[in-house]
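Structure first, then comments.
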Amino acid sequence: MTKPELYAMNSADWEYEYSAMMRNQKPGETYPSLTPFYLVDHPEGTVLIDTGTSYELLEDPADYGPYGAGYVEEFAADEIEMSEDGKAVNRLAEIGYEPDDIDIVVMTHLHLDHTGDVREFPDSEFVVQQDELEYAWWPADPIQRKLYVEGDFGVFQSPEYDVTAISGEYDVFGDGVVECIPTPGHSPGHQAVKVELEEAGTVILAADLAFTQRAYEDELQPAFAWDTEHAIRSNRMIRNLERTEDATVLLAHDREHFEEFPDPPESLV
Ligand SMILES: [Zn+2]
């Protein structure tokens, strides 16, 4: 492999309540979303970006993690459809990658639909914003508290897991190909990942910066955003970057954005 390749895979289909994700719009309607994750295969190493939703959490919420997460059953479980094939490790296996082939895992943030398979990568280096790590353990906001499941990321406390806490921008390989860009607002340590590809150009994996293209254009934030003002500022910063770098911005939960990626084993190059 001589040039970077970018793969997108989906872990679960998640039917979100539209008004919760796009501030007060269309109350009572749902939005058929999904919870993807990405892989960059770079000549210097492999980078997984997020790890999708947890199959084990959905199977047995009451016994998930040290204290269980039974509340997930009430607030989300019937909105989610996931099979065991959707586990990040299983999707990766389908295209020939085992967990110990993954050198680095960049976490855009630590909400439950991004952290599902964290514990499956004990040999990888995790790259997470310091602000996100701190907030994840005790989110002040009661809705945010439901989105951080200790059974997902509690292993970061284990000395067996290698976690690099970053503060600000971070160039993963030092060559500008995979860069973390802080975009606080959705959560305190939310970050986008900018990927430079030879043919597809600059792709910004913007995660939950906004939920859909429309939310991105109209600056509509979810009702549960950690800080709406920060989120709107981050949204404008990425829109500027999109313009100045002629980038393609892809949001995690916009189904049309996901469909712009080729189906693995095809990749963007
Ligand atoms: Zn989120």
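Readers should treat all values here as calculations from the given coordinates under stated rules, not as data from a laboratory. Keep in mind that this is a model prediction, so the values were computed, not measured. Don't worry about glycine lacking a Cβ; one is built from the backbone with ideal geometry, like all the others, and counts go over all protein chains shown.
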Mind checking Rg over Rh on the range 5-259, alpha carbons, Kirkwood formula for Rh? 0.93
Ranked packing of 57-65, 5-13, most packed first, by mean Cβ within 10 Å: 5-13, 57-65
Quickly estimate the mean residue ellipticity at 222 nm for the chain, helices only: each DSSP H run with n ≥ 4 gives -39500 (n - 2.57), and the total goes over all residues, rounded to 500. -6000 deg cm²/dmol
Taking the radius of gyration and the Kirkwood hydrodynamic radius from Cα positions alone, what is the Rg/Rh ratio for the range 205-269, to two decimal places? 1.01
If you build a Gaussian network model of the chain, linking Cα atoms that sit under 10 Å apart, which residue out of Y38, Y71, Y216 swings the most? Y71
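Contour minus end-to-end for E266 and D60, with contour as 0.36 nm per residue of separation and end-to-end as the Cα-Cα distance? Before the final figure, lay out the partial values.
Numbers: separation 206, 0.36 × 206 = 74.16 nm, distance 3.37 nm.
Length gained, E266 through D60: 70.8 nm.
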Over the chain, relative contact order from alpha-carbon pairs under 8 Å, at least 6 apart, %: 20
Once label points are set 7 Å from the Cα along Cα→Cβ at both Y71 and E219, what is their separation, rounded to one decimal in nm? 3.1
May I ask you to evaluate 6.51 cos²θ - 1.76 cosθ + 1.60, the Karplus curve with θ = phi - 60°, for each residue of the range 129-142 and list the ³J(HN,Hα) values in order in whole Hz, giving x for glycine and proline? 5, 3, 4, 6, 4, 5, 6, 4, 7, 8, x, 5, 7, x
Net charge near D263 (other residues with Cβ under 12 Å of its Cβ; Lys, Arg +1; Asp, Glu -1) is -3
Efficiency of FRET between D162 and E17 - r from beta-carbon atoms, R0 41 angstrom, step 0.05: 0.65
Counting each pair of different Cα atoms once, what's the Kirkwood radius of the range 121-177 in Å, rounded to one decimal? 12.8
